[in-house]
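For reference, the structure discussed in these notes is given below.
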Amino acid sequence: MGIGTLFDIASSGVTAQRLAIEVTGENIANVNTEGYSRQQVIMETKPVTTANGFPLGTGVQIAAVQRTYDNMLQLQMVNGNSSYQENLAKQTALEQIQPSFNEVTSDGLGKALANFFGAWQDLTTNASGSAERQALITRSQILVDSFHQMDFTLSKVASTADSNLVGITAEATDNARNLALVNTQILATASVGGNANELLDQRDLLLRKLSQQVAITSTINADGTASVTLAGGAQIVDSTRYATLYTNATGVPAANDIMLSGLGNPPPANVPATDTLVATVGDGATVGGKLGGTMQVRDGIVPGYLARLNEMADQLVTRVNALHSTGYALDGTTGNDFFAAAGLSAGTIALDAGLTGTKVAAAFPTATDPIPTSSGNNVNALKLAALGNQSVPFISGKASFVNNYNSLVSQVGVDTEGTQNVAGQGASFLKQLNALRASNSEVSLDEELTNLTKYQRAFQGSAKVISAATDMLDIVLGMVR
């Protein structure tokens, strides 16, 4: 080993430490970059030679520049994002619905039902009283309006959810397009022997973002690119190609189905026969992510509540009309409906077009009054007032109208609280995963500044060796001269 070897060793140290300083600078510069993973230089000794019978090293070389990465943590974050966004979509919708069922702070449907049957009870004390009859009609209209308001609120939440599917699929397509572009850049970088660490970070970040919109299964190919499939096996990204996720309104009333174009196809102007039907009404639970949660709101949560309201309106109209049509009005007529016979849902319930205070059938034939006169009696009013306390067979079980509605209110509260708890747990889980990633992969300025000092001192040391070798070489050359 001669002075030349000493130069080689020192220059390898200068080169290696300089690169380490560059990587450290890159880490510090990207301390606030979303998705960036800390990089570290892996150094190893250069091949050993023998000098004067002793094995001696020939310096240092860079083995690799690695990013700090945990594949298992990445998979957990992808799955956690999908589950959390699904529950968050349901929580948001339920929190919009719940105020309409808040019977504590507002005059809701429950109070309107109680007031309706209470008005019949008031009528029994003065069956021919015009004030009592007008109060009954007023409270009945309030009840009808309450049903309409509940139907409007729930239908609006469902229609909003359906509209939101358009934006969610567009976001998913954007992420798929960007992922395919990053995959292309990864291949291009690898073809020239470059370092694709930053591109791999972008790849993983896009996978996490895509999982927020829809549940995915990702595969990392041998060349570093990612391929992504949706639930059911439809592929949305295949290395450098991507498919378009979009909506297609079908049915009556129109509801958005979820479609997927072929790989490499542009966004369709219509629905090609070759495109894949990813999800239709009722498939939200299998889709996952924000898309699946929004579909569950549209297809399950809201229709479930509406079904119970519609059943209540149907039972109310049917039973009240059945009793009212057998009674006699003040003008002596009978067979009159109280509610419009066709209004058997929360959205269509209405008072009969011919109903007036005079047409309210509070009377009913008795032994002493076989044909009620204009003075009327309160027998039929008593029957209708008693209807409020009778058990009626509902989907959820036998109950009075008010108690059945109260059970629906309780169900909405339980559903909301349950979804809030699940979404809260998902948020906590993601927070823990993000904390783990931060400790494992994100840049620590304290650590990087320590490394910077270490590499700087090593660079100075290698430079000092070069200076010493230069002095030695000058001495030798001077001796020669």
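The values are calculated or read from the model by the stated rules, or taken from the named source; none is laboratory data. All values derive from a computational prediction rather than experimental measurement. Using ideal geometry, Cβ is built from the backbone for each residue, glycine included, and neighbour counts are taken over all protein chains shown.
Right, Glu95: surrounded by fewer than 21 Cβ atoms within 10 Å (Cβ to Cβ), charged (D, E, K, R) and part of a helix (DSSP H, G or I) or not? It would help to see each step written out before you state the result.
On the way: surrounded by fewer than 21 Cβ atoms within 10 Å (Cβ to Cβ): yes; charged (D, E, K, R): yes; part of a helix (DSSP H, G or I): yes.
Against the criterion (surrounded by fewer than 21 Cβ atoms within 10 Å (Cβ to Cβ), charged (D, E, K, R) and part of a helix (DSSP H, G or I)), Glu95 qualifies.
Taking Val443, is it touching a residue at least 60 places away in the same chain (Cβ under 8 Å), of a type in the set (A, V, I, L, M) and assigned to a loop (DSSP other than H, G, I, E, B)?
Yes, satisfied.
Per-residue answers, yes or no, for (1) over 46 Å from the mean Cα position of the chain (by Cα); (2) surrounded by 20 or more Cβ atoms within 10 Å (Cβ to Cβ); (3) small (Gly, Ala, Ser):
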| site | (1), (2), (3) |
| --- | --- |
| Asp299 | no, yes, no |
| Gly304 | no, no, yes |
| Ala307 | no, no, yes |
| Asn310 | no, no, no |
| Val317 | no, yes, no |
| Phe339 | no, yes, no |
| Ser345 | no, no, yes |
| Gly354 | yes, no, yes |
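Among Ala180, Ala188, Ala196, Ala176, which is the only one that is modelled with pLDDT of 95 or more, of a type in the set (Gly, Ala, Ser) and surrounded by fewer than 22 Cβ atoms within 10 Å (Cβ to Cβ)?
Only one candidate passes the filter, namely Ala188.
Is there a residue in the range 65-87 that is farther than 30 Å from Ser462 by Cβ and loosely packed, with under 12 Cβ neighbours inside 10 Å?
Within the range 65-87, one or more residues are farther than 30 Å from Ser462 by Cβ and loosely packed, with under 12 Cβ neighbours inside 10 Å.
Would you pick out the residues in the range 272-318 that are of a type in the set (Phe, Trp, Tyr) and modelled with pLDDT under 90?
To start, the set of residues in the range 272-318 that are of a type in the set (Phe, Trp, Tyr) comprises 305.
None - no residue of the range 272-318 is of a type in the set (Phe, Trp, Tyr) and modelled with pLDDT under 90, so the list stays empty.
Give me a count of the residues in the range 1-47 that are polar (S, T, N, Q), touching an Asp or Glu at 6+ places or on another chain (Cβ under 7 Å) and not in a loop (DSSP other than H, G, I, E, B). Step through it out loud before you land on a result.
Let us first name the residues in the range 1-47 that are polar (S, T, N, Q), namely 5, 11-12, 15, 17, 24, 27, 30, 32-33, 37, 39-40, 45.
Next, from what is left, pick out any that are touching an Asp or Glu at 6+ places or on another chain (Cβ under 7 Å): 24, 27, 37, 39.
Add one more test, that the residue is not in a loop (DSSP other than H, G, I, E, B), and what stays is 24, 27, 39.
Summing the residues that are polar (S, T, N, Q), touching an Asp or Glu at 6+ places or on another chain (Cβ under 7 Å) and not in a loop (DSSP other than H, G, I, E, B) in the range 1-47 gives 3.
Mind listing just one residue for me: the one in the range 277-313 that is touching a strand residue (DSSP E or B) at 6+ places or on another chain (Cβ under 9 Å) and assigned to a loop (DSSP other than H, G, I, E, B) and, of those, nearest to Tyr246 (Cα to Cα)?
In this case the residue turns out to be Thr280.
Quick one: Lys398 ticks every box in (1) surrounded by 15 or more Cβ atoms within 10 Å (Cβ to Cβ); (2) outside any loop (DSSP other than H, G, I, E, B) except a single one, so which number is it?
(1)
Out of everything in the range 319-331 that is modelled with pLDDT of 95 or more and in contact with a Phe, Trp or Tyr (Cβ under 7 Å, 6 or more places away or on another chain), what residue ends up being surrounded by the most Cβ atoms within 10 Å (Cβ to Cβ)?
The extreme case among them is His324.
If the requirement is being farther than 30 Å from Asn164 by Cα, part of a loop (DSSP other than H, G, I, E, B) and of a type in the set (A, V, I, L, M), which of these qualifies: Leu330, Leu316?
Matching residue, one of Leu330, Leu316: Leu330.
Name the residues in the range 39-49 that are of a type in the set (Val, Ile, Thr) and either buried (at least 18 other Cβ atoms within 10 Å of the Cβ) or without any contact (Cβ under 8 Å) to a residue 40 or more places away in the chain (or both), would you?
Those that are of a type in the set (Val, Ile, Thr) and either buried (at least 18 other Cβ atoms within 10 Å of the Cβ) or without any contact (Cβ under 8 Å) to a residue 40 or more places away in the chain (or both): Val41, Ile42, Thr45, Val48.
Quick check on the range 15-38: of everything there that is buried (at least 20 other Cβ atoms within 10 Å of the Cβ) and of a type outside the set (Gly, Ala, Ser), which residue is farthest from Leu473 (Cα to Cα)?
In this case the residue turns out to be Tyr36.
Every residue in the range 129-174 that is of a type in the set (S, T, N, Q) and in contact with a strand residue (DSSP E or B) (Cβ under 9 Å, 6 or more places away or on another chain), please.
Of everything in the range 129-174, those that are of a type in the set (S, T, N, Q) and in contact with a strand residue (DSSP E or B) (Cβ under 9 Å, 6 or more places away or on another chain) turn out to be Ser140, Gln141, Ser163, Thr169, Thr173.
Take Asn404 and decide whether it is in contact with a strand residue (DSSP E or B) (Cβ under 6 Å, 6 or more places away or on another chain), of a type outside the set (A, V, I, L, M) and in a helix (DSSP H, G or I).
Numbers: in contact with a strand residue (DSSP E or B) (Cβ under 6 Å, 6 or more places away or on another chain): yes; of a type outside the set (A, V, I, L, M): yes; in a helix (DSSP H, G or I): yes.
The answer is yes for Asn404.
Conditions first: (1) exposed (fewer than 12 other Cβ atoms within 10 Å of the Cβ); (2) within 30 Å of Thr33 (Cα to Cα); (3) of a type in the set (D, E, K, R). Glu442 passes all but one, so which condition is the exception?
Looking at each condition in turn, Glu442 falls short on (1).
Output the number of the condition that Asp145 fails; it satisfies all remaining conditions of (1) assigned to a helix (DSSP H, G or I); (2) crowded, with 19+ Cβ neighbours inside 10 Å.
It is condition (2) that Asp145 fails.
Checking the structure you have, find out if any residue of the range 118-138 is assigned to a helix (DSSP H, G or I), among the hydrophobic types (A, V, I, L, M, F, W, C) and over 25 Å from Leu330 (Cβ atoms). Walk me through it before giving the result.
In the first step, residues of the range 118-138 are kept if they are assigned to a helix (DSSP H, G or I); the result is 118-125, 130-138.
Restricting the remaining residues to those that are among the hydrophobic types (A, V, I, L, M, F, W, C) gives 119-120, 123, 131, 135-137.
Still in the running and over 25 Å from Leu330 (Cβ atoms): none.
No, every residue in the range 118-138 fails to be assigned to a helix (DSSP H, G or I), among the hydrophobic types (A, V, I, L, M, F, W, C) and over 25 Å from Leu330 (Cβ atoms).
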